[in-house]
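K.L.:
First the structure, then my questions, so here it is.
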Amino acid sequence: MIRDETDVNFNDRSIFLPADNTKGKKDRYVFFSPQMATELKRWLQYRDRYKDSEYLFCTIRGTMLQVHSFESNFTVYGERIGKKDIHPHMIRNNFAKRFLMNGGDIYTLSKILGHSSVQVTEECYLDLETEDLRKQYQRFSPLMNLKVKKK
């Protein structure tokens with residue numbers, strides 16, 4: 001369970017996840033961008049107007065949001081927009097792919113995702129399509145990025 005007062009650090013833009021709440025049973029941090037900080041603060045103001053809850057994300061009753069409830073709601077909302085085969089893990093997969101496509105390295109990604117090794121990350125998230133490869137090649141092409149020394 002994530003409590004906003006103790007687990008969310010807006011200065012460092014991080015959320016602390018205690019070991020008992022993680023799959024790998026290790027304490028870890030999740031980081032967020034300045035834009036997400038703005039959205040989280042907005043959410044907290046909204047939530048506090050309507051619910052008295054210590055949890056960052058809560059149900060209508062103010063109780064802790066359960067994983068299975070989030071997953072089923074995610075699927076329902078996906079179906080509402082015409083996406084039949086959508087699930088929460090797609091967000092994680094999309095993040096990993098975009099992280100790599102924007103120049104992030106696989107070693108850092110592996111740590112961010114909380115994987116035990118880079119091999120786990122490679123097996124799970126390196127399903128790049130031809131278009132992804134083309135874009136990355138164009139971005140990092142040795143010939144296109146060759147710097148000519150001036151005399």
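The values are calculated or read from the model by the stated rules, or taken from the named source; none is laboratory data. Keep in mind the model is a prediction, meaning the values are calculated, not measured. Because the Cβ atoms are built from the backbone with ideal geometry, glycine has one as well, and the counts that use them run over all protein chains shown.
K.L.:
Please state which of the following conditions Val8 fails to meet, knowing it meets all the rest: (1) without any contact (Cβ under 8 Å) to a residue 40 or more places away in the chain; (2) of a type outside the set (Asp, Glu); (3) crowded, with 16+ Cβ neighbours inside 10 Å; (4) not assigned by TED's automatic domain parsing to the domain that holds Gln138.
P.N.:
Here Val8 meets the rest and fails (1).
K.L.:
Can you name every residue in the range 126-148 that is β-branched (Val, Ile, Thr) and not assigned by TED's automatic domain parsing to the domain that holds Asn93?
P.N.:
Listed by number, the list holds a single entry, Val148.
K.L.:
Go over the candidates Glu71, Glu79 one by one and state the one that is at pLDDT 85 or above, touching a Pro at 6+ places or on another chain (Cβ under 6 Å) and surrounded by 10 or more Cβ atoms within 10 Å (Cβ to Cβ).
P.N.:
So the residue among Glu71, Glu79 that is at pLDDT 85 or above, touching a Pro at 6+ places or on another chain (Cβ under 6 Å) and surrounded by 10 or more Cβ atoms within 10 Å (Cβ to Cβ) is Glu71.
K.L.:
Would you say Arg49 is more than 17 Å from the chain's Cα centre (by Cα), assigned to a helix (DSSP H, G or I) and more than 27 Å from Tyr125 (Cβ to Cβ)?
P.N.:
In short, yes.
K.L.:
Also, I was wondering about something else. Within the range 45-68, track down each residue that is of a type in the set (D, E, K, R) and surrounded by 11 or more Cβ atoms within 10 Å (Cβ to Cβ).
P.N.:
Selection gives Arg47, Asp48, Lys51, Glu54.
K.L.:
Please give the number of the condition Arg61 fails out of (1) under 18 Å from the mean Cα position of the chain (by Cα); (2) outside any helix (DSSP H, G or I).
P.N.:
Only one criterion is unmet by Arg61, namely (1).
For (1) within 28 Å of Lys25 (Cβ to Cβ); (2) basic (Lys, Arg); (3) surrounded by fewer than 11 Cβ atoms within 10 Å (Cβ to Cβ), each residue gets a yes or a no:
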{"residue": "Met90", "(1), (2), (3)": "yes, no, no"}
{"residue": "Asn93", "(1), (2), (3)": "yes, no, no"}
{"residue": "Asn102", "(1), (2), (3)": "no, no, yes"}
{"residue": "Thr121", "(1), (2), (3)": "yes, no, no"}
{"residue": "Leu126", "(1), (2), (3)": "yes, no, no"}
{"residue": "Arg139", "(1), (2), (3)": "no, yes, no"}
{"residue": "Met144", "(1), (2), (3)": "no, no, yes"}
{"residue": "Lys147", "(1), (2), (3)": "no, yes, yes"}
{"residue": "Lys150", "(1), (2), (3)": "no, yes, yes"}
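K.L.:
Mind listing just one residue for me: the one in the range 43-95 that is touching a strand residue (DSSP E or B) at 6+ places or on another chain (Cβ under 9 Å) and free of Cβ contacts under 8 Å to residues at least 12 places away in the same chain and, of those, nearest to Thr22 (Cα to Cα)?
P.N.:
That would be Leu65.
K.L.:
Further, regarding this structure: Which one of these is on the phi < 0 side of the Ramachandran plot, in contact (Cβ under 8 Å) with a residue 40 or more places away in the chain and not assigned by TED's automatic domain parsing to the domain that holds Lys135: Ile112, Ile15?
P.N.:
Ile15
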